[in-house]
1. For A:I129, are the conditions met, namely being touching a helix residue (DSSP H, G or I) at 6+ places or on another chain (Cβ under 7 Å), over 30 Å from A:A250 (Cβ atoms) and within 14 Å of RNA strand B (Cβ to nearest atom)?
2. Could you tell me whether A:S28 is more than 17 Å from A:L507 (Cα to Cα), at pLDDT 95 or above and among the hydroxyl-bearing types (S, T, Y)?
3. Based on this model, can you work out whether A:D542 counts as farther than 30 Å from A:T155 by Cβ, outside the structural domain of A:V42 (by TED's automatic domain parsing) and without any contact (Cβ under 8 Å) to a residue 60 or more places away in the chain?
4. Filtering the range A:358-381 down to residues that are closer than 19 Å to A:L298 by Cβ and surrounded by fewer than 17 Cβ atoms within 10 Å (Cβ to Cβ), which residue is farthest from RNA strand B (Cβ to nearest atom)?
5. Just to check your reading of the model, which residue among A:E522, A:E585 is under 25 Å from A:Q7 (Cβ atoms) and either touching a residue at least 60 places away in the same chain (Cβ under 8 Å) or near RNA strand B (Cβ under 10 Å from one of its atoms) (or both)?
6. Please go through the range A:183-221 and pick out each residue that is touching an Asp or Glu at 6+ places or on another chain (Cβ under 6 Å) and within 19 Å of A:V142 (Cα to Cα).
7. Testing A:N392 on (1) modelled with pLDDT under 90; (2) more than 15 Å from RNA strand B (Cβ to nearest atom); (3) touching a strand residue (DSSP E or B) at 6+ places or on another chain (Cβ under 6 Å), one condition comes back false. Which one is that?
8. Go through (1) out of contact with any helix residue (DSSP H, G or I) (no Cβ under 6 Å at 6 or more places or on another chain); (2) part of a loop (DSSP other than H, G, I, E, B) for A:L193 and report which single condition fails.
Amino acid sequence: MIRDTLQRMITAAIAALHERGELDVPESGIPKVEVERPQQVVHGDYATAIALKLARPPRSREIAAKLAAYLNETAPLVPAYELVERVETAGPGFINIHLKPEWLLRQARTIIDAGPDVGAVDLGRGSTINLEFVSANPTGPVHIGNGRGGFIGDTLGNVLRAAGYNVTKEYYFNDAGAQIQKLGRSTEYYMRLALGLPAEKPKGADGKEEGYFDNENDPDDTFYQGIARLVLDETHQGADVLALPDDERAALIGKRAAAHIMQHIRATMQRLNIHFDVWFNEGDLVTNGEVQAGIEFLRDAGYLFEQDGATWMETTRFGDDKDRVLIKSGGETTYAASDVAYIRNKLNRGFDRLIYVLGADHHGYVGRLKAMAQMFGYSADKVHIIIYQHVNIKVNDVSMRMSKRLGNVVNLDDLVDLVGPDVTRFFYLMRSHDTHLDFDLKLAMKEGEENPGLTVQYGHARVAGVLRKAVEAGYHPETEALGADLAVLVSDPPEQLAAELNLMRELLKLEEIIERCAQALEPHHLTKYGMDVAAAFHVFYDRCPMLRAESDAVRMARFALTLAARTVLARVLSLLGMSAPDRMERATEAE
RNA sequence: GUGCUCGUAGCUCAGUGGAUUAGAGCGUUGGCCUGCGGAGCCAAAGGUCGGAGGUUCGAAUCCUCUCGAGCACACCA
């Protein structure tokens with residue numbers, strides 16, 4: 001990576017000057033040289049403030065000048081530093097590095113050769129990550145809120161793979177316990193309705209309705225009726241189950257209903273191009289004894305205590321804000337007991353890191369999950385929890401809150417029906433997980449260029465269109481690009497050269513973007529990057545004629561730039577989990 | 001009450017302790033099609049970075065306080 005090369009170069013320069021006695025370094029050694037991108041182009045391609053870290057102004061200025069002089073002198077002699085054009089100093093001691101235009105242009109070749117792997121960096125060195133996301137309960141369809149974890153998790157997984165990690169994407173189904181009983185009773189209600197039997201909505205201890213129901217104000221919402229029908233079909237119209245004793249009946253119907261809902265959720269994920277390697281069922285942990293084994297392990301380790309007839313685990317020992325009940329006084333295990341078994345299961349599978357993508361309503365889990373991991377002897381900083389904020393949908397400038405409890409659920413499937421999977425993904429990924437997402441439905445439904453969800457795809461389609469045109473005109477872009485000498489473009493008029501260099505600089509950022517997304521666990525940078533690349537290509541295309549290029553050599557070089565742009569755009573779309581179309585269809589014709 | 005997250009342009013939001021000028025998309029206003037193509041390009045207007053202190057050579061970025069919004073604080077899952 002370019003930045004790493006420059007970092008090594010500058011570090012070596014500091015060491016050399018220090019050796020000569022011309023530069024003092026702290027006793028702790030040379031500080032890490034941070035190489036960053038300046039905001040303004042005139043400040044070069046890269047810059048470092050290392051001189052300011054070594055000394056305060058005005059002495060930092062001297063140091064910067066010494067370093068710059070040394071670098072300008074030695075860089076041309078080292079083949080690895082051939083990318084450097086010149087090094088300058090500015091302000092209180094910044095060192096600005098300008099890259100060689102010929103070198104930048106020649107990187108188009110490297111990008112084309114990298115193909116679908118372009119931008120890959122080896123940050124992970126094959127270390128393993130378990131990435132758990134969505135994990136919505138199989139008691140209803142995925143909605144606009146908890147679906148957010150799906151986009152963040154899936155794209156984050158793609159990016160981490162591009163960054164050299166071995167990623168297992170995982171979904172955890174809570175298919176055991178009380179909520180499945182509730183689901184069973186709710187489903188039974190609809191089964192009885194369908195059969196024309198007397199039916200009553202189940203009620204909780206407080207006499208209020210309790211369970212999972214269709215929204216009766218919305219005639220299109222017949223989700224649970226549909227699930228009930230499926231259960232009827234596989235139980236001889238209920239004959240196999242409805243006569244069973246109460247608890248057994250609820251459990252059995254609930255289990256069947258949950259199985260159908262899981263299928264439904266998997267289908268939703270599938271159409272959104274969200275992929276999982278492992279679908280994990282909580283129920284398995286119960287039946288195969290892992291829940292019990294987890295509790296025993298903690299008991300032997302001395303982390304459990306009894307109080308008020310219940311069994312608690314002392315998570316506060318590891319920074320949690322309160323201890324958690326594992327076994328209720330009534331003898332049943334809690335949800336936390338399953339969590340213990342699950343995290344133990346993951347650790348036993350040998351993952352180097354565990355990443356959880358959870359909604360804001362779960363932020364209370366951070367302390368408990370990290371504490372659990374530590375009770376099994378695992379370092380807390382290998383557990384990363386990404387908390388994403390809630391989602392509102394904006395319809396006609398009115399923001400509506402999505403909440404299951406308020407009975408105001410909007411299914412993710414309904415949204416995808418309206419705007420398609422690609423736009424859905426882009427809109428969800430445009431925002432940092434840390435900020436609330438206002439989904440602008442009106443904007444997402446637009447079909448033209450004003451829809452930001454389509455701009456990257458339009459960019460890719462345009463590249464493909466240009467290449468298609470070239471073939472029609474009798475050229476062979478792929479083979480011509482092979483023989484191109486990119487450096488000829490250096491003689492282009494300034495306005496054209498600027499567009500070409502700008503495009504190459506943008507394309508070369510991909511590695512840094514992937515690295516940043518992977519390090520910060522923030523996939524959203526990819527969307528903005530994709531838009532920047534598309535914009536850079538448009539300007540290039542606007543300024544630099546290809547079929548009407550001044551010479552064969554220039555045309556061939558521009559074919560190479562175009563192919564490099566296609567490579568990067570396709571890679572970005574693939575990481576975002578979107579399709580990379582060669583042409584865009586308009587559903588409605590203008591005028 | 002305690003804790004977590006967030007307050008940046010009319011709207012929705014990027015922004016990695018750095019540079020006289022804090023960016024993008026949408027929206028608004030104006031310009032550019034007999035030249036690969038308009039699925040685009042150029043330009044303008046629009047900001048007390050919620051507020052007040054502090055740390056620093058340097059703060060939208062770090063710290064404290066404060067105001068506002070969301071969420072969480074179960075022997076629920």
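The values are calculated or read from the model by the stated rules, or taken from the named source; none is laboratory data. Just so it is clear, the structure is predicted and the values come from calculations on it, not from any experiment. All Cβ positions, even for glycine, are placed from backbone atoms using ideal geometry, and neighbour counts span all protein chains on display.
1. no
2. No; evaluated as a whole, the condition is false for this residue.
3. Yes; evaluated as a whole, the condition is true for this residue.
4. Of everything passing the filter in the range A:358-381, A:G377 is farthest from RNA strand B (Cβ to nearest atom).
5. Every option except A:E522 fails the conditions.
6. Correct list: A:D214, A:N215, A:D221.
7. Unmet condition: (2).
8. Only one criterion in (1) out of contact with any helix residue (DSSP H, G or I) (no Cβ under 6 Å at 6 or more places or on another chain); (2) part of a loop (DSSP other than H, G, I, E, B) is unmet by A:L193, namely (2).
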